[in-house]
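The values are calculated or read from the model by the stated rules, or taken from the named source; none is laboratory data. Because the structure is predicted, anything quoted here is derived from the model rather than measured. Note: ideal-geometry Cβ built from the backbone for every residue, glycine included; neighbour counts use all protein chains shown.
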Amino acid sequence: MPTNLEAYWMPFTANRQFKANPRLLAAAKDVHYFTPDDRPILDGTAGLWCVNAGHCRPKIVEAIQKQVAHLDYAPPFQMGHPGAFELAERLVKMMPGGHFDHVFYGNSGSEAVESALKIAIAYHRVRGEGARQRLIGRERGYHGVGFGGISVGGIAPNRKFFGSLMPGVDHLPHTHNLEHNAFTRGQPQWGTHLADELERIVTLHDASTIAAVIVEPVAGSTGVLIPPMGYLERLRTICDKYGILLIFDEVITGFGRLGASFATEYFGVVPDMVTVAKGITNGTVPMGAVFTRKGIYDTFMDAAAENAIELFHGYTYSGHPLACAAAMATLDVYEEEGLFANANHLASYWEECLHSLKGLPHVIDLRNLGLVAAIELESIPGKPGVRGMDCLQRCFDTGLLIRTTGDIIALSPPLMIQKEHIDQMFEMLAGVLKELP
Ligand SMILES: Cc1ncc(COP(=O)(O)O)c(C=O)c1O
């Protein structure tokens, strides 16, 4: 146990509150964490939406151990190592429909997003449409913490401390509306028309200035917002109409979270780029990636001289050998254990259990899709987030890890979860909610 917690400046954390009453996770196995005194904590959040295959899975652990002893690092600029190519080929094959043919690596969701935004702007430039520089995000969107990501992102506290951000960014409205959609199971009917706001934005700025639209197919970090029926389809249609690239940020929805490989498969909507991270390595080794649709890579190749660098972008750790080994083993586990199918199979049970919380104190909305759920609690007047944090602490004390954004509880368990764990999870949660002041 650490004797002094002071030196670590913790991210996205109330540091003083945490250090006064630390919540430490010291070990993990399958669907549980263990505190330093060995108390099991049921993992209701797959770590931070990333440990989709469950914790400390032997195949993944062994693959990383073997790799670090064999090839620890290889430079990714003007050099390569076999694993990065093997993984890229496997990843593009995983994408349904054969629409995507290249993968660009970073080390996090944030880096995947920065890479995708830069590729979008550069893509238009190499095609001779260099005026297309604007990026369109969405209110309440989360796209990591780079300057590009917070500029297209729509979560106010993530933006307001950091100056003027990127110029030339606009935002679609979010689709959250409790008056119309409270307690919807799956995709809401109301809200499809909000995609048409893209037409208004195009009229305002002119299509010739817009490079890309980026959205999370299911907004996660803001507290789980499920897209209305037909909404993503409509965004696709409008982007096609005006030659705007559509980017799906699948850092959360990728790798089985909805019971399909990716949200693009689940919704049957094909964007031009897909950003991923988290579940790609089961959270074990940092990795992010951008999938590009057929034609994007070729456009860069065609525009540059044969011996020229086509894209002046990349990271020291792009396609790191450990991350590639971890990803390969992770994909094996997903496949061998049919984990995406398990998520799909459990989705309706999950939904039933979630909606059994209706009527408990403070619960003003319940929403779900695949193995994702949100429980929105009424805020204490004048004290947003206090009830949510109280709930998180009480759940932790009871033996359950939840995630909260303000007063919204988000759940996203490992995909290896079984019905008995789901029962335990909602029993613990119901117990806490009944006591919550
Ligand atoms: C949709 C989305 N994009 C990007 C990110 C940023 O990922 P990272 O924290 O790995 O930089 C996240 C993280 O939660 C995310 O949910």
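Some points to look at:
- Close Cβ contacts (under 9 Å, 6 or more residues apart or on different chains) running from residues in region 243-254 that are in a loop (DSSP other than H, G, I, E, B) to residues that are within 11 Å of the ligand (Cβ to nearest atom) and charged (D, E, K, R) comprise Glu250/Glu216; Glu250/Arg257; Val251/Glu216; Val251/Lys278; Ile252/Glu216; Ile252/Lys278; Thr253/Glu216; Gly254/Lys278.
- Look at (1) more than 21 Å from the chain's Cα centre (by Cα); (2) not assigned by TED's automatic domain parsing to the domain that holds Ala410 and you find that Arg293 fails only one, number (1).
Conditions tested, residue by residue: (1) among the aliphatic types (A, V, I, L, M); (2) over 22 Å from Met95 (Cβ atoms); (3) in the same structural domain as Ile119 (by TED's automatic domain parsing).
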site	(1), (2), (3)
Glu139	no, yes, yes
Gly154	no, yes, yes
Asn158	no, yes, yes
Trp190	no, yes, yes
Ala212	yes, no, yes
Ala219	yes, no, yes
Ile226	yes, yes, yes
Leu246	yes, no, yes
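- Listed by position, the strands (runs of 3 or more DSSP E) inside region 28-106 whose residues that are within 30 Å of Leu246 (Cα to Cα) number at least 2 are 100-106.
- Count - residues of region 382-416 that are part of a strand (DSSP E or B) and either of a type in the set (A, V, I, L, M, F, W, C) or under 16 Å from Pro437 (Cα atoms) (or both): 7
- Residue within region 290-309 that is small (Gly, Ala, Ser) and touching a Ser or Thr at 6+ places or on another chain (Cβ under 9 Å) present: no
- Inside region 151-182, residues that are aromatic (Phe, Trp, Tyr) and assigned to a helix (DSSP H, G or I) make up a count of 0.
- Test result for Thr275, part of a loop (DSSP other than H, G, I, E, B), within 22 Å of Gly144 (Cβ to Cβ) and either within 14 Å of the ligand (Cβ to nearest atom) or at pLDDT below 95 (or both): no
- Extreme residue, farthest from Ser221 (Cα to Cα), among residues of region 106-146 that are touching a His at 6+ places or on another chain (Cβ under 7 Å) and of a type in the set (Gly, Ala, Ser): Gly130
- Any hit, region 112-122, residues being part of a helix (DSSP H, G or I), in the same structural domain as Lys294 (by TED's automatic domain parsing), under 30 Å from Ala27 (Cα atoms) and under 21 Å from the mean Cα position of the chain (by Cα): yes
- Test: residue in region 220-234 that is assigned to a helix (DSSP H, G or I) and either touching a residue at least 60 places away in the same chain (Cβ under 8 Å) or within 16 Å of the ligand (Cβ to nearest atom) (or both): yes
- In summary, Val145 fulfils each of the numbered conditions (1) in a loop (DSSP other than H, G, I, E, B); (2) within 14 Å of the ligand (Cβ to nearest atom); (3) among the aliphatic types (A, V, I, L, M); (4) under 22 Å from Ser208 (Cα atoms) with the single exception of condition (4).
- With respect to the stated conditions, Cys324 fails to be of a type outside the set (A, V, I, L, M), crowded, with 18+ Cβ neighbours inside 10 Å and farther than 30 Å from Met95 by Cα.
Per-residue answers, yes or no, for (1) more than 30 Å from Cys353 (Cα to Cα); (2) within 16 Å of the ligand (Cβ to nearest atom); (3) surrounded by fewer than 16 Cβ atoms within 10 Å (Cβ to Cβ); (4) touching a residue at least 60 places away in the same chain (Cβ under 8 Å):
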{"position": "Glu86", "(1), (2), (3), (4)": "yes, no, yes, yes"}
{"position": "Phe100", "(1), (2), (3), (4)": "yes, no, no, yes"}
{"position": "Gly109", "(1), (2), (3), (4)": "yes, yes, no, yes"}
{"position": "Ile121", "(1), (2), (3), (4)": "yes, no, no, yes"}
{"position": "Gly168", "(1), (2), (3), (4)": "yes, no, yes, no"}
{"position": "Arg185", "(1), (2), (3), (4)": "no, no, yes, yes"}
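- Here the condition is being more than 16 Å from the ligand (Cβ to nearest atom), more than 29 Å from Ala374 (Cβ to Cβ) and surrounded by 15 or more Cβ atoms within 10 Å (Cβ to Cβ); of Pro76, Pro58, it holds for Pro76 alone.
- Here Leu311 meets each of (1) under 20 Å from Gly288 (Cβ atoms); (2) part of a helix (DSSP H, G or I); (3) not polar (S, T, N, Q) with one exception, condition (2).
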